[in-house]
1. Along the Cα→Cβ direction, 7 angstrom out, place labels at A7 and R218. What is the inter-label distance in nm?
2. With all pairs of different alpha carbon atoms counted, what Kirkwood hydrodynamic radius in Å does the stretch 120-263 show?
3. Helix 327-346 versus the longest principal axis of the chain: what is the Cα-based angle in degrees, 0 to 90, to the nearest 10?
4. Counting Lys and Arg as +1 and Asp and Glu as -1, what is the net charge of the other residues whose Cβ lies under 10 Å from the Cβ of D80?
5. For n ≥ 4 DSSP H runs only, could you compute -39500 (n - 2.57) per run for the chain, divide by its residues and tell me the 222 nm figure to the nearest 500?
6. Can you send over the solvent-accessible area of D8, 1.4 Å probe, protein chains only, in Å² to the nearest 10?
7. For F311, F280, give me the order by solvent-accessible area with a 1.4 Å probe, most accessible first, ignoring ligands, DNA and RNA.
8. Helix 6-23 versus the longest principal axis of the chain: what is the Cα-based angle in degrees, 0 to 90, to the nearest 10?
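The values are calculated or read from the model by the stated rules, or taken from the named source; none is laboratory data. Since the structure is predicted, the reported quantities are computational estimates derived from the model, not experimental observations. Backbone-built Cβ (ideal geometry, glycine too); neighbour counts: all protein chains shown. In case anyone asks, the SASA skips ligands and DNA or RNA and just uses the protein heavy atoms, side chains included. Shrake-Rupley method; radii C 1.70, N 1.55, O 1.52, S 1.80 Å.
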Amino acid sequence: MADTTPADRAELASVLSDYLAERLATTSAVEICDMERIAVGWSHETWLFDAVWSQGGSEQRLGLCLRRDPGNALLRDKSDLGEQFRVLECLEGTDVPAPRAHWHEPDPAVLGAPALIMERVPGVCPSPWRRAGREFYAAAAARGVLPASFTDALAAVHNVDWRSAGLDFLGVPEDGNDFAHREIDKWHSLIDASGHEVHPILIDVIGWLRHHAPPVDRLTLVHGAYRTGNVLIDGDQVSAILDWELQVIGDPMYDVAYVLTELNREGTDLLSNVVPRELFFERYQQATGIEIDEERCAYYQLLYAMRSAAFWMSAAGLYADGSNDDLRLARTHWSVTVALERAATELGY
């Protein structure tokens with residue numbers, strides 16, 4: 001993540017002040033307070049701040065989150081802030097805990113890059129990859145509230161009436177195994193765009209995935225990366241699901257597989273570092289009426305290995321060709337090998 005200077009920060013605050021004054025239809029100045037850039041995520045630049053202005057003689061304060069698309073990040077053209085804005089609009093009024101979307105600005109000349117401004121939801125998002133985060137989730141798991149809330153939030157995503165909510169704009173797979181083939185094609189195209197040489201193991205994985213693509217008997221909204229680290233937690237409850245950039249209409253087992261995978265639990269028996277397996281199965285199935293199919297989940301875990309390889313090939317390629325100077329991207333060259341080694345193990349090498 002490239003550092004920002006005080007001058008950069010002041011310039012962005014000034015631009016946001018003018019932009020929000022117009023959007024909030026206020027003649028008073030809008031002050032940007034407590035502004036901070038957070039070093040999370042790989043796809044967008046993220047800022048948290050408060051907008052403060054006077055209305056009717058009283059102070060108004062609105063907590064906001066700005067996401068900007070630098071145009072040179074991990075997912076390249078696979079992550080679109082306009083789509084994310086529309087998804088969040090569709091989710092408003094549903095049982096899915098998600099931030100409220102306020103404004104989408106597609107013109108890069110206005111806020112320095114295409115941007116999305118949404119509600120700043122109370123809560124914390126400890127990284128499950130750090131010791132402090134793992135300790136946080138272990139303690140929350142012992143108290144028992146967060147495991148249930150984490151499961152219920154995923155159930156809410158899968159229970160959404162996505163047609164009535166207007167989410168069919170995401171694209172609806174045809175009957176049979178079209179969903180899996182859509183995902184394979186999507187991540188294959190990211191591999192092609194990366195300029196990275198395709199490893200023979202990856203060719204084998206893609207061929208296996210195409211040959212064994214499972215049929216889907218129920219389509220739901222799928223988040224695409226549901227885990228700790230992608231949810232905000234407030235008082236041991238999931239206050240918001242974040243990172244709406246991989247969502248699709250598809251097989252709910254795609255999300256369930258992500259919860260079950262060992263990759264998201266750092267050596268603990270707790271799924272996604274926080275929920276006991278038995279509790280997750282029982283509570284999820286009761287809330288959704290969907291029986292967890294572990295065979296399909298195993299398939300999607302291998303598809304995630306392909307997707308991970310695609311992510312890291314894209315990231316390493318962006319650094320190698322000079323498009324992005326974020327050192328985290330350079331380090332992902334090694335992660336490609338890790339993803340492929342895991343895929344080879346899954347295939348029985």
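1. The modelled label-to-label distance comes out at 5.8 nm.
2. Every distinct Cα pair counted, the radius reaches 17.1 Å.
3. Orientation of helix 327-346: about 30 degrees from the principal axis.
4. Taking every Cβ under 10 Å from that of D80, the sum is -2.
5. -14500 deg cm²/dmol
6. 70
7. F311, F280
8. Tilt relative to the chain: about 80 degrees.
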